[in-house]
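Undergrad: Before I ask anything, let me first share the structure, which is written out below as structure tokens.
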Amino acid sequence: MRHITHWIDGTTWTGESGGTSPVFDPSTGEQQAAVTLGDRRAVDAAVGAARDAFPAWAAASLSKRTRILFAFRDLVERHADELAGLVTSEHGKVISDAGGEVQRGLEVAEFACGVPHLLKGSFSEQVSTGIDSYDMRQPVGVCAGITPFNFPVMVPMWMHPVAIACGNTFVLKPSERDPSASVRIAELWADAGLPPGVFNVVHGDRAAVDLLLRHPGIDAVSFVGSTPVAKHIYESAASAGKRVQALGGAKNHMVVLPDADIETAAEAAIGAGYGSAGERCMAISVVVAVGAAGDDLVRAIRQRLSGFRIGPGLKADSEMGPLVTQAHRERVAGYVERGVAEGAELVVDGRDLSIEGHESGFWLGPCLFDRATPDMTIYTDEIFGPVLSVVRVNSFDDAVTLVNDNPYGNGVAVFTNDGGASRRFASDIQVGMVGINVPIPVPMAYYSFGGWKDSLFGSHAVHGMQGVGFYTRTKTVTARWPLPEERKGVDLGFPVQT
Ligand code: NAD
């Protein structure tokens, strides 16, 4: 059995650590590896290595940091197929989708390559007579990243290239369900010339996370995962005095106005609802059909659902893979059962899907509900599987109220041909990322990614200038160089500008 272990201080960890957790191949249902779960020894070693590496890395010149970032960016690009293969083998998503996530992660590394520009401070001459002011951005210290299973390359890369570019050192605790890609990324950082200890990987479950949250050697915590855990991370890390950003779960709506092109909207809803088997934080899980749009939309989605290919992610023509674990598959199927019991119309039922030659894989075919209502659990809960629910409302205002009343606020989309309606929608909607005729509006790396309400706890989103803000502390200097004849003697007054 392959064994996946920590990466600490520039090398594979050979010391003792806690127990192990199984890593499955979701397409066969078989265990393919065991990952070591970090205990206090491993967490102390990783944080200790990051602490020791911090002073030298914080002092490394911008030129040196930039050269390493460019080399890392190049290595990730050259190993993109290999990384995508690791993602698919442990997560289950199809290989083209895994390639897409590597590409989106790479874009953050490219953004971080511009760090000399991003860290420029400002300078004001003569703010008072003979006094100048300037500010600078300095690193925060040792940063921890705790990440979910659904984007094992991209989500950690929302964090570590920016944190490292800003002069911090980093301890990544990836998901225990698909941990291999993070170790490969650590090797690529080392190959790029990153000094040992600047980037470390400690595997584990909640026990390792709680050790990191309380560890006195950690200065900042970035988290991405489900909302209950995000809230726990935010509260625990903040009460331990750490800077924290915690991105949570989602319930993303796609509002379809009656004037929209229904066929285009249906295709978009299918891609955004069932892509990656619905295991995306930006997946559309609710289609809000306004007025007359409902019947045509449900027909158009239903017609297309029998047509797409479900199969092992590594098979080139598969369009949708299995779910990540059997437990998750059962949880999602349980929601479908509850939706039926609560009175929603199950238009397409994917629960009986079986894939020849892969009968023990964690399969669940696409499920489509019509006439879901806001009180049903299929509407209130984040299902995180290939289950799309259509909710029917009467008007534009009803759609906006529905979305705004939802406690999540990650992503939302509106489909319409009416520019005025879309402009009003973008302005009035209480959600962090908005798509206009774009179903999954994931911002580019030079903008910031983050939701509102229960989808993000803390004041900073990831990457873009909010990422740089999170991973730096601003220091403002007020400087005066008086000549001997300009000395003023003792003055107990509050300084005012002259
Ligand atoms: P999760 O919350 O179960 O786990 C996330 C991380 O937290 C993992 O590293 C896990 O080991 C750790 N963890 C789990 N339970 C914990 C606990 N009780 N205490 C401390 N740590 C714990 O999430 P997941 O199932 O891996 O990922 C799916 C979730 O992530 C979905 O809710 C999805 O919406 C969310 N997500 C959000 C975003 C975003 O940008 N907002 C992006 C990707 C995924």
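Undergrad: Quick one: how many residues across the range 326-343 are in contact with a helix residue (DSSP H, G or I) (Cβ under 6 Å, 6 or more places away or on another chain) and open to solvent by less than 80 Å² (accessible area, probe 1.4 Å)?
TA: Residues that pass the stated criteria total 2.
Undergrad: Can I ask one more? Looking at the range 444-466, I want the residues that are without any contact (Cβ under 8 Å) to a residue 40 or more places away in the chain and open to solvent by 10 Å² or more (accessible area, probe 1.4 Å) and have a partner that is part of a loop (DSSP other than H, G, I, E, B) and of a type in the set (A, V, I, L, M, F, W, C) with Cβ atoms under 6 Å, at least 6 apart or on another chain. Which pairs are those?
TA: These pairs meet every condition: Ser448/Ala461.
Undergrad: Cβ-Cβ distance below 7 Å, separation of 6 or more or different chains: which pairs start in the range 155-180 with a residue that is over 15 Å from Leu118 (Cβ atoms) and more than 10 Å from the ligand (Cβ to nearest atom) and end on one that is among the hydrophobic types (A, V, I, L, M, F, W, C) and in a loop (DSSP other than H, G, I, E, B)?
TA: Thr169/Val198; Phe170/Val198; Val171/Val202
Undergrad: Determine whether the range 423-441 contains at least one residue that is without any contact (Cβ under 8 Å) to a residue 24 or more places away in the chain and assigned to a loop (DSSP other than H, G, I, E, B).
TA: Among the residues of the range 423-441, not one is without any contact (Cβ under 8 Å) to a residue 24 or more places away in the chain and assigned to a loop (DSSP other than H, G, I, E, B), which makes the answer no.
Undergrad: In addition: Would you mind stating whether Val255 is open to solvent by 10 Å² or more (accessible area, probe 1.4 Å) and not in a loop (DSSP other than H, G, I, E, B)? Before you say what the answer is, go through the steps one by one.
TA: Values: open to solvent by 10 Å² or more (accessible area, probe 1.4 Å): no; not in a loop (DSSP other than H, G, I, E, B): yes.
The answer is no for Val255.
Undergrad: Ok, one more. Would you confirm whether or not the range 42-57 contains a residue that is open to solvent by less than 60 Å² (accessible area, probe 1.4 Å) and of a type in the set (Asp, Glu)? Talk me through it step by step, then tell me what you get.
TA: Within the range 42-57, the first condition is being open to solvent by less than 60 Å² (accessible area, probe 1.4 Å), and the residues that meet it are 42-43, 45-50, 53-54, 57.
Retained after the next criterion (residues that are of a type in the set (Asp, Glu)): none.
No, there is no match, as no residue in the range 42-57 is open to solvent by less than 60 Å² (accessible area, probe 1.4 Å) and of a type in the set (Asp, Glu).
Undergrad: Go through Arg331, Arg338, Arg424 for me and flag whichever is at pLDDT 95 or above, within 25 Å of Glu319 (Cα to Cα) and of a type outside the set (Gly, Ala, Ser).
TA: Working: Arg338 fails: within 25 Å of Glu319 (Cα to Cα); Arg424 fails: within 25 Å of Glu319 (Cα to Cα).
Checking each option against the conditions leaves just Arg331.
Undergrad: Quick check on Gly114: is it within 19 Å of the chain's Cα centre (by Cα), without any contact (Cβ under 8 Å) to a residue 60 or more places away in the chain, surrounded by fewer than 24 Cβ atoms within 10 Å (Cβ to Cβ) and on the phi < 0 side of the Ramachandran plot? Working first, answer last.
TA: Details: within 19 Å of the chain's Cα centre (by Cα): no; without any contact (Cβ under 8 Å) to a residue 60 or more places away in the chain: yes; surrounded by fewer than 24 Cβ atoms within 10 Å (Cβ to Cβ): yes; on the phi < 0 side of the Ramachandran plot: yes.
Spelling it out, it is not the case that Gly114 is within 19 Å of the chain's Cα centre (by Cα), without any contact (Cβ under 8 Å) to a residue 60 or more places away in the chain, surrounded by fewer than 24 Cβ atoms within 10 Å (Cβ to Cβ) and on the phi < 0 side of the Ramachandran plot.
Undergrad: Return only the number of the condition from (1) open to solvent by 50 Å² or more (accessible area, probe 1.4 Å); (2) within 16 Å of the ligand (Cβ to nearest atom) that Tyr408 does not satisfy.
TA: Evaluating Tyr408 over (1) open to solvent by 50 Å² or more (accessible area, probe 1.4 Å); (2) within 16 Å of the ligand (Cβ to nearest atom) leaves (1) as the failure.
Undergrad: Further question on the same structure: Restricting attention to strands (runs of 3 or more DSSP E) lying wholly within the range 114-164, give those where 3 or more residues are over 30 Å from Lys93 (Cβ atoms). Don't jump to the end; show me each part of the working.
TA: Numbers: elements: 123-128, 131-139, 142-146.
Strands (runs of 3 or more DSSP E) meeting the threshold: 123-128, 131-139.
Undergrad: Let me ask another. Can you report the number of residues in the range 21-42 which are over 25 Å from the mean Cα position of the chain (by Cα) and within 26 Å of Gln326 (Cβ to Cβ)?
TA: The qualifying residues number 5.
Undergrad: From the list Thr66, Thr88, exactly one residue is in contact with a Gly (Cβ under 8 Å, 6 or more places away or on another chain), open to solvent by less than 30 Å² (accessible area, probe 1.4 Å), over 22 Å from Asp9 (Cβ atoms) and of a type in the set (Ser, Thr, Tyr). Which is it? Before you say what the answer is, go through the steps one by one.
TA: On the way: Thr66 fails: in contact with a Gly (Cβ under 8 Å, 6 or more places away or on another chain).
Checking each option against the conditions leaves just Thr88.
Undergrad: Right, something else. Can you go through Val438, Val414 and tell me which one is within 24 Å of the chain's Cα centre (by Cα), more than 16 Å from the ligand (Cβ to nearest atom) and open to solvent by less than 10 Å² (accessible area, probe 1.4 Å)? Quick ask: steps written out before the conclusion?
TA: Values: Val438 fails: open to solvent by less than 10 Å² (accessible area, probe 1.4 Å).
After ruling out the rest, the residue left standing is Val414.
Undergrad: Let me ask another. Those residues that are in a helix (DSSP H, G or I) and either within 14 Å of the ligand (Cβ to nearest atom) or touching a strand residue (DSSP E or B) at 6+ places or on another chain (Cβ under 8 Å) (or both), I need them from the range 191-220; list them, please.
TA: Our first condition is that a residue be in a helix (DSSP H, G or I); within the range 191-220, this holds for 191, 206-214.
Result: Arg206, Ala207, Ala208, Val209, Asp210, Leu211, Leu212, Leu213, Arg214.
The values are calculated or read from the model by the stated rules, or taken from the named source; none is laboratory data. The shown structure was predicted, so the numbers you read here are calculated from the model rather than taken from an experiment. Cβ coordinates were reconstructed from backbone atoms using ideal geometry, including for glycine residues, and neighbour counts include every protein chain displayed. All accessible areas refer to the heavy atoms of the entire protein, side chains included, with ligands and DNA or RNA removed. Shrake-Rupley method; radii C 1.70, N 1.55, O 1.52, S 1.80 Å.
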